[in-house]
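Inspection log for the structure reproduced underneath, given as structure tokens.
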Amino acid sequence: MSSVEDILMVKGPDVVVAGPDNTVEQAAKMMCQANVGSVIVKDDGAIAGIFTERDMLVRVVAKGLDPKTVKLLDVMSSPVKTCTLDDSVESCVESLEQQHIRRLVVVDDGVLIGVIGTSDVMHAQLATNAKHIEELERLLN
């Protein structure tokens with residue numbers, strides 16, 4: 001069974017962080033530069049929220065707001081949904097499905113460790129399934 005820690009070992013723990021007073025435009029540039037779909041919003045060292053591509057679409061673009069002036073504090077998703085390094089991939093799948101979200105923020109004792117998304121979880125599940133298939137084939141031969 002794979003864990004969140006296993007996912008981060010493959011993916012890497014890189015996270016883009018912004019402040020609540022950063023603008024949507026600044027966050028979009030950070031996301032483009034890092035080739036990611038979200039930024040974690042931290043305020044005084046604490047995780048205040050997450051700003052995603054979907055937040056940009058629904059809360060900024062669709063409402064005709066100006067990304068140059070809108071602050072992340074006003075359009076981020078909060079509170080963030082989290083998981084820990086020890087959580088199983090299966091429990092993450094359940095959380096993502098039940099909460100209708102695409103990303104979980106990985107924390108350890110309240111400290112930001114990383115972000116995992118639906119594609120990360122899917123790749124981990126596929127790798128686990130491939131290992132199970134190999135084991136079954138080995139047993140059958």
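The values are calculated or read from the model by the stated rules, or taken from the named source; none is laboratory data. Treat the numbers as computed from the prediction; the structure is a model and nothing was measured. Here the Cβ positions follow ideal geometry from the backbone for every residue, glycine too, while neighbour counts run over all protein chains shown.
Tabulated results
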quantity	calculated
Residue match in region 54-67 (condition: surrounded by fewer than 19 Cβ atoms within 10 Å (Cβ to Cβ), within 30 Å of residue 26 (Cβ to Cβ), in contact (Cβ under 8 Å) with a residue 24 or more places away in the chain and touching a strand residue (DSSP E or B) at 6+ places or on another chain (Cβ under 8 Å))	yes
Answer residue from region 82-93, given it is outside any helix (DSSP H, G or I) and touching a residue at least 60 places away in the same chain (Cβ under 8 Å) and is nearest to residue 38 (Cα to Cα) among those	83
Residue in region 70-78 that is modelled with pLDDT of 95 or more and basic (Lys, Arg) present	yes
Residues of region 27-58 satisfying the condition of being part of a helix (DSSP H, G or I), of a type outside the set (D, E, K, R) and closer than 18 Å to residue 14 by Cα	27, 28, 30, 31, 32, 33, 34
Test: residue 137 is in contact with a Gly (Cβ under 6 Å, 6 or more places away or on another chain) and at negative phi	no
Region 86-126, subset in contact with a Ser or Thr (Cβ under 7 Å, 6 or more places away or on another chain) and farther than 20 Å from residue 51 by Cα, residue modelled with the lowest pLDDT	124
Residues within region 105-130 that are in contact with a helix residue (DSSP H, G or I) (Cβ under 8 Å, 6 or more places away or on another chain) and without any contact (Cβ under 8 Å) to a residue 24 or more places away in the chain, tallied	1
Considering residues of region 9-26 that are among the small types (Gly, Ala, Ser) and part of a loop (DSSP other than H, G, I, E, B) only, the residue nearest to residue 119 (Cα to Cα)	12
Residue count for region 89-131, restricted to those that are under 13 Å from the mean Cα position of the chain (by Cα) and acidic (Asp, Glu)	1
Of residues in region 1-51 being free of Cβ contacts under 8 Å to residues at least 60 places away in the same chain and of a type in the set (S, T, N, Q), the one nearest to residue 106 (Cα to Cα)	35
Those residues of region 94-111 which are more than 20 Å from residue 36 (Cα to Cα) and part of a helix (DSSP H, G or I), in sequence order	94, 95, 97, 98, 99
